[in-house]
Amino acid sequence: MLKQKLWIGISALLVLIGMAGMINIFLHGEHVMGTTNYVPWGSLIGAYVFFVATSTGLTFISSLAHTFKVHKFDVLTKRMTLASIATLLMGFVMIGIELGNPLAMVYIILSPNFTAPIFWMGLLYSFYLALHVVEFYFQLKGDHKKINVISPIVLAVAVAAQSTLGAVFGMAVARGYWNDAYISIYFILLAFISGLAFVSIMMFLMSKADVISKKTKDQISQLPPVMSKMILGLLAAAVFFNVWKWIYTLSGNVPGQADAAMLMAGGALTLPYWLLEVGFVFVVPIVLLLTLKKQQGLALMLSGLSMLIGIFAMRMIMVFAGQAIPLNIIPGAESATGLREFSITWSEWATFGFGVGGTILIYILGEKLFNLNLEDDHHTESEKSGEKMTNTGYKYAR
Amino acid sequence: MARYGLLIDASKCTGCHACSVACSMYNELEEEVTYNRLEFIERGKYPHAVMEIVPLQCMHCDNPPCATVCPTNATFKREDGIVSIDENKCIGCKACMTACPYDARNLNEGRIPEKCRWCPEMLENGKQPACSSTCMNEVRLFGDLDDPGSEINKKMAQHEVKQIIPEKGTQPRIYYIK
Ligand code: SF4
Ligand code: SF4
């Protein structure tokens with residue numbers, strides 16, 4: 001109980017500081033943001049990508065249970081859906097603050113531009129939120145028939161929305177670093193890793209929390225081996241992507257692309273890239289998961305934390321690397337040399353804090369308001385249908 | 001319907017910035033917003049060094065990426081070719097700014113990305129916008145590209161012209177005399 005109070009206290013503080021930052025941005029606009037005319041997309045865009053990708057990743061994992069019938073994950077589905085809704089809402093807060101005039105959003109419906117990736121992304125993520133809420137409602141009711149119908153749709157919309165978000169960057173023809181056909185696929189991969197990182201932390205905390213039933217804890221204790229394998233497999237795929245991206249970038253001739261990569265190879269972004277992106281996202285989790293095999297729960301939690309911090313940095317690096325190299329409009333001109341300035345202001349940091357605190361608060365509220373454990377609905381359903389239960393309490397035929 | 005274009009003879013530009021000042025005054029621009037700018041390029045080495053100056057502003061592209069990515073059609077192409085902004089519809093997503101290969105847009109205090117308008121109220125009345133009319137060397141010449149008798153067409157016929165970074169596929173409507 002005390003632990004929960006501590007979480008609530010820290011989250012509430014983050015939310016309060018976040019509100020101060022958001023009010024500051026509301027009052028003073030881009031003057032108190034790290035954006036400029038040359039770097040128009042700032043850190044809040046990175047934060048938006050971070051939160052919505054985590055939400056999408058959580059949907060991928062919960063779909064393992066409902067769409068792909070890997071019933072080991074049944075125990076987490078309601079909690080993952082709740083966390084997915086919470087992170088999605090916080091993503092919307094991030095983009096709402098970054099937008100100069102969010103009230104005009106109504107024109108996305110009244111005057112849609114079908115060629116704009118942002119239109120499709122907005123549409124798909126709104127649809128995703130609505131479907132997610134409906135899915136959560138049926139999960140709480142234990143109505144598996146409806147969940148089985150809605151879950152694959154949520155998954156499809158999540159894939160579409162996240163890959164369209166990739167296209168928002170990928171279709172920016174002026175920005176060589178983003179303008180890449182594979183960016184949408186890479187976004188899907190990273191979203192999956194973000195979701196796994198989040199679940200790894202969730203599992204550890206749940207295994208320690210006194211409000212979680214013993215049965216649920218037992219079921220969670222069976223997940224680490226498969227989680228560990230999934231993380232290692234996806235990280236390997238991401239390494240593969242990255243190695244080829246480096247090779248293509250450095251050997252290719254796309255304007256602005258190699259220059260942006262050089263920011264990471266030996267420029268302004270070298271330290272964050274190698275320490276936070278390469279180190280935290282890849283090296284630390286791979287080493288932890290391969291060496292701490294006896295304490296897999298702990299290794300997963302630490303890896304999850306490391307990956308979330310690293311992926312957050314990765315989003316920022318991607319956003320800034322795409323804009324920091326001046327457009328080569330007139331070769332040789334003063335404006336085509338040097339580097340565009342970029343920064344993250346306290347108001348923006350505070351707004352991310354709001355996102356983190358808000359996610360935790362919504363989650364804790366959900367834990368308090370709803371029954372997120374499996375036992376009851378499964379008992380009822382299996383008793384009714386007379387289906388076979390396994391020794392772990394999961395049904396394997398539905 | 002006219003199809004407006006702009007011809008720029010950069011070799012005549014002295015770098016006096018009168019165009020930028022006239023534009024700012026005419027359009028009552030905020031301090032941090034400029035619709036047109038001059039790019040300076042040093043070529044060669046002393047004693048043979050020269051300074052090249054290139055005036056730049058929104059190209060009113062025929063294939064404008066800023067309009068393609070605008071989710072609400074706040075940025076749109078008019079029939080006469082002018083790329084315009086409906087500020088009421090703008091959500092301030094700045095996608096147009098990241099999409100523009102010419103760095104043509106500036107954020108105003110209201111967080112709307114503004115850019116050169118080509119002052120349609122002047123062109124429609126057969127007048128030159130402030131940047132052009134104020135220039136002592138007549139560096140700019142606006143006109144109707146569909147009118148064979150227009151000054152711009154006559155001048156373009158006499159010179160070889162080029163566009164800036166045409167390889168981006170934006171089909172800019174500003175032509176520069178080579
Ligand atoms: S120059 Fe830039 S802002 Fe102007 S029409 Fe072309 S893409 Fe749009
Ligand atoms: S900032 Fe405004 S004009 Fe630019 S793309 Fe977004 S909605 Fe359109």
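The values are calculated or read from the model by the stated rules, or taken from the named source; none is laboratory data. All values reported here derive from a predicted model rather than from experimental measurement. Cβ atoms come from the backbone with ideal geometry, glycine included; neighbour counts cover every protein chain shown. These area figures cover heavy atoms from the full protein model, side chains too; ligands, DNA and RNA do not enter into them. Shrake-Rupley method; radii C 1.70, N 1.55, O 1.52, S 1.80 Å.
Looking only at region B:23-34, how many residues end up being open to solvent by 20 Å² or more (accessible area, probe 1.4 Å) and touching a Pro at 6+ places or on another chain (Cβ under 9 Å)? Let's see the steps before the verdict.
Of region B:23-34, the ones open to solvent by 20 Å² or more (accessible area, probe 1.4 Å) are B:24-32, B:34.
Then drop every residue that is not touching a Pro at 6+ places or on another chain (Cβ under 9 Å), which leaves B:26.
Residues meeting the conditions: 1.
May I ask you to list the residues in region B:167-178 that are open to solvent by 70 Å² or more (accessible area, probe 1.4 Å) and within 16 Å of ligand 1 (Cβ to nearest atom)? Give the derivation first.
Our first condition is that a residue be open to solvent by 70 Å² or more (accessible area, probe 1.4 Å); within region B:167-178, this holds for B:167, B:171, B:178.
Matches in region B:167-178: B:GLU167, B:GLN171.
Do you know which residues across region B:69-85 are more than 7 Å from ligand 2 (Cβ to nearest atom) and either farther than 18 Å from B:ILE164 by Cα or facing chain A (nearest Cβ under 9 Å) (or both)?
Step one: of region B:69-85, the residues more than 7 Å from ligand 2 (Cβ to nearest atom) are B:73, B:76-84.
Hits for region B:69-85 are B:ASN73, B:PHE76, B:LYS77, B:ARG78, B:GLU79, B:ASP80, B:SER84.
From the list A:ALA236, A:ALA181, which one is under 29 Å from A:LEU131 (Cα atoms), free of Cβ contacts under 8 Å to residues at least 24 places away in the same chain and open to solvent by 30 Å² or more (accessible area, probe 1.4 Å)? Spell out how you get there, then give the answer.
Numbers: A:ALA236 fails: under 29 Å from A:LEU131 (Cα atoms).
So the residue among A:ALA236, A:ALA181 that is under 29 Å from A:LEU131 (Cα atoms), free of Cβ contacts under 8 Å to residues at least 24 places away in the same chain and open to solvent by 30 Å² or more (accessible area, probe 1.4 Å) is A:ALA181.
Counting only residues that are within 12 Å of ligand 1 (Cβ to nearest atom), give me the strands (runs of 3 or more DSSP E) lying completely in region B:50-139 with at least 3 of them. Working first, answer last.
Details: elements: B:50-57, B:75-77, B:83-85.
Correct list: B:75-77, B:83-85.
Restricted to region A:159-173, and to residues that are under 10 Å from A:ILE118 (Cα atoms) and open to solvent by 10 Å² or more (accessible area, probe 1.4 Å), which residue is nearest to the other protein chains (Cβ to nearest Cβ)?
Out of the qualifying residues, it is A:VAL168.
Test of understanding: among B:GLU167, B:GLU121, which residue is modelled with pLDDT under 95 and more than 14 Å from ligand 2 (Cβ to nearest atom)?
Numbers: B:GLU121 fails: modelled with pLDDT under 95.
Exactly one residue qualifies, and that residue is B:GLU167.
Is it the case that B:GLU114 is within 12 Å of another protein chain (Cβ to nearest Cβ), open to solvent by 40 Å² or more (accessible area, probe 1.4 Å) and either within 14 Å of ligand 2 (Cβ to nearest atom) or closer than 30 Å to A:PHE169 by Cα (or both)? Talk me through it step by step, then tell me what you get.
Numbers: within 12 Å of another protein chain (Cβ to nearest Cβ): yes; open to solvent by 40 Å² or more (accessible area, probe 1.4 Å): no; either within 14 Å of ligand 2 (Cβ to nearest atom) or closer than 30 Å to A:PHE169 by Cα (or both): yes.
No.
Tell me the residue from B:ASN137, B:ASN153, B:ASN88, B:ASN125 that is within 12 Å of chain A (Cβ to nearest Cβ), open to solvent by 10 Å² or more (accessible area, probe 1.4 Å), over 18 Å from B:ASN63 (Cα atoms) and not acidic (Asp, Glu), please. Spell out how you get there, then give the answer.
Working: B:ASN137 fails: within 12 Å of chain A (Cβ to nearest Cβ); B:ASN153 fails: within 12 Å of chain A (Cβ to nearest Cβ); B:ASN125 fails: within 12 Å of chain A (Cβ to nearest Cβ).
So the residue among B:ASN137, B:ASN153, B:ASN88, B:ASN125 that is within 12 Å of chain A (Cβ to nearest Cβ), open to solvent by 10 Å² or more (accessible area, probe 1.4 Å), over 18 Å from B:ASN63 (Cα atoms) and not acidic (Asp, Glu) is B:ASN88.
Among the residues of region A:307-326, is there at least one that is in a loop (DSSP other than H, G, I, E, B), modelled with pLDDT under 95 and within 14 Å of another protein chain (Cβ to nearest Cβ)?
Of region A:307-326, the ones in a loop (DSSP other than H, G, I, E, B) are A:325-326.
From what's left, modelled with pLDDT under 95: A:325-326.
Subsequent filtering for residues that are within 14 Å of another protein chain (Cβ to nearest Cβ) retains A:325-326.
Looking through region A:307-326, at least one residue is in a loop (DSSP other than H, G, I, E, B), modelled with pLDDT under 95 and within 14 Å of another protein chain (Cβ to nearest Cβ).
Examine region B:56-64 for a residue that is touching a residue at least 12 places away in the same chain (Cβ under 8 Å), within 11 Å of ligand 2 (Cβ to nearest atom), under 21 Å from A:ILE325 (Cα atoms) and more than 9 Å from chain A (Cβ to nearest Cβ), and state whether such a residue exists.
no
Here are some conditions: (1) within 23 Å of B:MET156 (Cα to Cα); (2) open to solvent by less than 10 Å² (accessible area, probe 1.4 Å); (3) away from ligand 2 (no atom under 11 Å from the Cβ). B:CYS19 meets all but one. Which one does it not meet?
Among (1) within 23 Å of B:MET156 (Cα to Cα); (2) open to solvent by less than 10 Å² (accessible area, probe 1.4 Å); (3) away from ligand 2 (no atom under 11 Å from the Cβ), B:CYS19 violates only (2).
Only one of A:LEU44, A:LEU89 is farther than 14 Å from A:THR345 by Cα and at pLDDT 95 or above; which?
Working: A:LEU44 fails: farther than 14 Å from A:THR345 by Cα.
After ruling out the rest, the residue left standing is A:LEU89.
Quick grid of which residues meet (1) modelled with pLDDT of 90 or more; (2) in a helix (DSSP H, G or I); (3) touching a Phe, Trp or Tyr at 6+ places or on another chain (Cβ under 9 Å); (4) open to solvent by 70 Å² or more (accessible area, probe 1.4 Å):
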{"site": "A:TRP244", "(1), (2), (3), (4)": "yes, yes, yes, yes"}
{"site": "A:THR249", "(1), (2), (3), (4)": "no, yes, yes, no"}
{"site": "A:ASN253", "(1), (2), (3), (4)": "no, no, no, yes"}
{"site": "A:TYR273", "(1), (2), (3), (4)": "yes, yes, no, no"}
{"site": "A:LEU276", "(1), (2), (3), (4)": "yes, yes, yes, no"}
{"site": "A:PHE282", "(1), (2), (3), (4)": "yes, yes, no, no"}
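With the condition kept exactly as written, say whether any residue in region A:216-229 is under 30 Å from A:GLY176 (Cβ atoms) and at pLDDT 90 or above. Talk me through it step by step, then tell me what you get.
First, pick out the residues of region A:216-229 that are under 30 Å from A:GLY176 (Cβ atoms): none.
Scanning region A:216-229, I find no residue that is under 30 Å from A:GLY176 (Cβ atoms) and at pLDDT 90 or above, so the answer is no.
With the requirement that a residue be surrounded by 10 or more Cβ atoms within 10 Å (Cβ to Cβ) and away from chain A (no Cβ under 11 Å), what does region B:35-50 give you? Steps first, please.
Step one: filter region B:35-50 for residues surrounded by 10 or more Cβ atoms within 10 Å (Cβ to Cβ), giving B:35-44.
B:TYR35, B:ASN36 - these are the residues of region B:35-50 that are surrounded by 10 or more Cβ atoms within 10 Å (Cβ to Cβ) and away from chain A (no Cβ under 11 Å).
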